[in-house]
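Participant: Okay, here's the structure, questions in a sec.
All of the numbers you see were taken from the coordinates with simple rules; none came from a lab. In this text, all values refer to a predicted model and were calculated from it rather than measured experimentally. Every residue, glycine among them, receives a Cβ derived from its backbone with ideal geometry; neighbour counts consider all protein chains shown.
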Amino acid sequence: MANKNGSEKVRGLEGVIALSSELSSIDGEEGKLVYRGYDIYDLAENASFEEVVYLLWNGDLPNQGELDALKRDLRAARELPEPVIDILRKVPDTAHPMAVLRTAVSALGLYDDEADADTPEANRRKATRLLARTPAIIAAYARLRDGKEPIAPLSEASMAFNFLYMLNGEEPGTAAEDTFDTCLVLHADHGLNASTFTSRVIGSTLSDMYSAVSGAIGALKGPLHGGANREVMRMLLDIDEKGADPVDYVNEKLENKERVMGFGHRVYRTMDPRAAILRDRVKALSEERGATKWYDYSMAILNTVKSEKGLDPNVDFFSASTYYMMGLDPDLFTPIFALSRSAGWTAHLLEQWEDNRLIRPRAAYVGKTGRTVTPISERA
Ligand code: ACO
């Protein structure tokens with residue numbers, strides 16, 4: 001839309017190619033997501049989260065020795081500095097879990113001697129520490145707010161296994177570990193989404209990795225981005241508590257011009273492939289347990305939003321019921337998203353710093369022009 005100065009009103013950087021990246025690509029028409037040349041279906045089926053982390057950070061999938069070395073490094077870096085645990089003990093009960101995570105990740109930087117070291121080697125070590133400690137922060141916070149003490153991770157286990165163990169205090173079964181690992185793979189990277197863009201903008205000023213990832217967590221918190229998964233579960237629970245018909249419930253939202261969380265996407269014009277993978281997981285989990293309520297509600301909502309608005313679900317729609325069926329608390333859903341996306345944020349920062357240039361776009365000025373200052377005594 002042109003304003004009277006002749007400038008275009010630009011909103012949301014839609015369709016703007018802001019930088020080049022070799023990390024992941026999205027085909028919004030075909031519903032395809034690719035990490036470094038590998039289709040997400042292939043990775044979800046055949047690669048672990050740690051393998052995907054290696055792929056994002058290094059460009060290729062690891063061989064066994066490389067994977068073992070990465071796992072060793074992640075394990076060695078897992079322990080949280082005691083002052084960060086103290087912060088988690090002191091946050092108010094009313095705090096948003098993403099605000100807690102943002103604060104704790106920022107605090108990690110205070111206790112990292114290499115926080116401002118900017119060599120590629122130091123940045124790689126920080127990426128490892130950040131990724132290793134994020135699950136420990138979330139699990140420790142979740143336990144502390146329930147009046148329980150944090151639990152140390154088991155040394156040999158995968159990140160998926162350890163997170164669930166540190167959270168619940170008991171070893172997860174293979175199915176839970178496998179489903180959670182797939183969720184981590186699916187959320188690890190996604191082109192230049194809002195939080196990744198945030199991290200690259202901060203990184204491009206040559207600020208440090210902790211600042212960039214804290215900023216990214218702040219962006220992911222919003223309900224138009226990662227915060228949507230928690231809102232989806234709130235909607236499903238509200239339908240259940242009210243004994244409402246999901247079709248009527250969602251139609252009422254649409255009539256009131258409200259957004260239905262977990263639907264729509266800036267890039268996809270068809271089903272988000274991550275949503276398709278998780279839909280199948282929820283279906284299988286539901287059938288296995290003979291409890292299909294959340295799947296049934298979700299499908300009723302999906303069909304209604306598709307037929308009324310032509311919108312497809314995004315990853316947040318089915319991650320909500322997947323996590324809920326795994327017994328995870330809805331207000332941890334977005335922190336869990338951040339846990340996985342830390343892989344992508346740090347990979348993007350490493351890529352940004354390989355060939356850095358300050359990211360500094362311009363705004364089309366659409367404000368008033370040609371004014372002069374009148375003395376304050378003469379102003380109305
Ligand atoms: N429910 C209802 N209507 C919607 C929705 C929705 N979820 N999403 C888009 N629309 C409608 C808008 O109202 C608008 O309609 P109008 O043109 O009649 O006003 C039209 O579709 C275009 O919407 P925009 O907001 O301009 O589209 P944009 O590309 O900016 O939005 C977004 C993308 C923010 C994801 C949007 O679809 C949305 O708000 N979805 C709900 C929140 C959500 O699920 N976020 C998670 C995204 S995935 C992720 O970040 C991991």
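Participant: What percent antiparallel are the DSSP beta bridges of the chain, to the nearest 5?
Facilitator: Among the beta bridges of the chain, antiparallel pairing accounts for roughly 90 percent.
Participant: Between ASP240 and THR205, what is the label-to-label distance in nm when each label sits 7 Å out along the Cα-to-Cβ direction?
Facilitator: Roughly 4.3 nm, to one decimal.
Participant: Counting other Cβ atoms within 10 Å of each Cβ, which chymotrypsin sites (Phe, Trp or Tyr not before Pro) in segment 343-380 have at most 12 and sit in a DSSP loop?
Facilitator: TYR365
Participant: Another question about this same structure. Here is the link list: LYS242/LYS293; LYS71/LYS126; LYS9/LYS257; LYS253/LYS306; LYS257/LYS309. Which ones come out longer than 19 Å on Cα distance?
Facilitator: LYS9/LYS257
Participant: Find the eigenvalues of the gyration tensor of the Cα atoms of the chain, then list the square roots of 5 times those eigenvalues as equivalent ellipsoid semi-axes, largest first, in whole angstrom.
Facilitator: So the three semi-axes of the chain are 33, 29, 22 Å.
Participant: What range in the chain is the longest one free of trypsin sites (Lys or Arg not before Pro) that are in a loop by DSSP and have at most 10 other Cβ atoms within 10 angstrom?
Facilitator: Counting only loop sites that pass the neighbour cut-off, the longest clear stretch is 12-256.
Participant: Distance between the C-alpha centers of segment 155-202 and segment 116-134? Whole Å please.
Facilitator: 18
Participant: Considering only ALA338, ALA139, ALA364, give the residue with the highest GNM mean-square fluctuation for the chain, with springs between Cα atoms whenever their separation is below 10 Å.
Facilitator: ALA364
Participant: Please identify the GluC sites (Glu not before Pro) of segment 244-300 that satisfy two criteria: DSSP loop assignment and at most 15 other Cβ atoms within 10 Å. Which are they?
Facilitator: Loop-located and lightly packed - GLU258.
Participant: Taking the Cα centroid of segment 30-87 and of segment 271-295, what is the distance between the two, rounded to the nearest whole Å?
Facilitator: The distance from the Cα centre of segment 30-87 to that of segment 271-295 comes to 25 Å.
Participant: If you take the square roots of the eigenvalues of the alpha-carbon gyration tensor of segment 228-325 and sort them as a ≥ b ≥ c, do you get rounded (a/c under 1.5), prolate (a/b over b/c) or oblate?
Facilitator: Values: a/c = 1.77, a/b = 1.12, b/c = 1.58.
Oblate, because a/c is 1.5 or more while a/b does not exceed b/c.
Participant: A follow-up question, please. Any idea how far apart GLU252 and ASP68 come out in nm if each label point goes 7 Å out from Cα toward Cβ?
Facilitator: Inter-label distance under the simple model: 6.0 nm.
Participant: Would you list HIS348, HIS225, HIS187 from fewest to most Cβ contacts within 10 Å? Walk me through the numbers on the way to the answer.
Facilitator: Working: HIS348 27, HIS225 17, HIS187 24.
Final ranking by Cβ density, sparse to dense: HIS225, HIS187, HIS348.
Participant: Assuming 0.36 nm per residue, please report the length gained on full extension of the stretch ALA117 to ARG11 beyond their Cα-Cα distance. Kindly include the intermediate steps, with their values, before the conclusion.
Facilitator: Working: separation 106, 0.36 × 106 = 38.16 nm, distance 3.63 nm.
Stretched fully, the ALA117-ARG11 segment lengthens by 34.5 nm.
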